[in-house]
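Visitor: A single structure is presented below for examination.
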Amino acid sequence: MSSELNAKLKQTVLDDMIREGKRRGLMSYEQVKAIDFIKEPFTIENGLLTPTLKARRYA
């Protein structure tokens, strides 16, 4: 997927999420600010899961 298409898709999904959040009455600090699409599966070995199988969150 080209980086331009990827950026457009990310913005489209993010816009939809923000629109839905506003429709449901979420405050701005409750809204999603950024998203990323990851092609590889979530595993402990690649650092995307914690040892307790929770998604790793990067601040």
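Just so it is clear, none of the values below were taken in a lab; they were calculated from the coordinates. None of the values given here were measured: they were computed from a predicted structure. We place every Cβ from the backbone using ideal geometry, glycine too, and count neighbours over all the protein chains shown.
Visitor: For the chain, give the magnitude of the charge dipole about the Cα centre (Cβ charges: +1 Lys/Arg, -1 Asp/Glu; no others), in debye to the nearest 20.
Guide: Roughly 240 debye, rounded to the nearest 20.
Visitor: Multiply the residue separation of Leu49 and Val32 by 0.36 nm, subtract the distance between their alpha-carbon atoms, and state the gained length in nm to one decimal.
Guide: 4.1 nm
Visitor: Which of rounded, prolate, oblate describes the chain, given a ≥ b ≥ c as roots of the alpha-carbon gyration tensor eigenvalues and a/c under 1.5 marking rounded, otherwise prolate only if a/b is larger than b/c?
Guide: It is oblate, given that a/c is not under 1.5 and a/b is not larger than b/c.
Visitor: Just to be sure I follow the definition: excluding the sites themselves, where is the longest run in the chain that has none of the trypsin sites (Lys or Arg not before Pro) in a DSSP loop with at most 15 other Cβ atoms within 10 Å?
Guide: Between the exposed loop sites, the longest stretch runs 1-23.
Visitor: What ³J(HN,Hα) values, in whole Hz, does the Karplus curve 6.51 cos²θ - 1.76 cosθ + 1.60 give for region 21-31 when θ = phi - 60°, with x put for Gly and Pro?
Guide: Computed from phi, the couplings for region 21-31 are x, 5, 4, 8, x, 6, 6, 4, 6, 8, 7 Hz.
Visitor: Report the chymotrypsin sites (Phe, Trp or Tyr not before Pro) located in region 7-59 that are in a DSSP loop and have at most 14 other Cβ atoms inside 10 Å of their Cβ, or state none.
Guide: Sites meeting the loop and neighbour criteria: Phe37, Phe42, Tyr58.
Visitor: Also, quick follow-up: On full extension of the chain, what length is gained from Glu4 through Lys39, given 0.36 nm per residue of separation minus the C-alpha to C-alpha distance?
Guide: Extra length available between Glu4 and Lys39 comes to 11.0 nm.
Visitor: Calculated from DSSP H runs of 4 or more alone, at -39500 (n - 2.57) each and per residue, what is the 222 nm mean residue ellipticity of the chain, nearest 500?
Guide: Counting only the DSSP helices, I get -12500 deg cm²/dmol.
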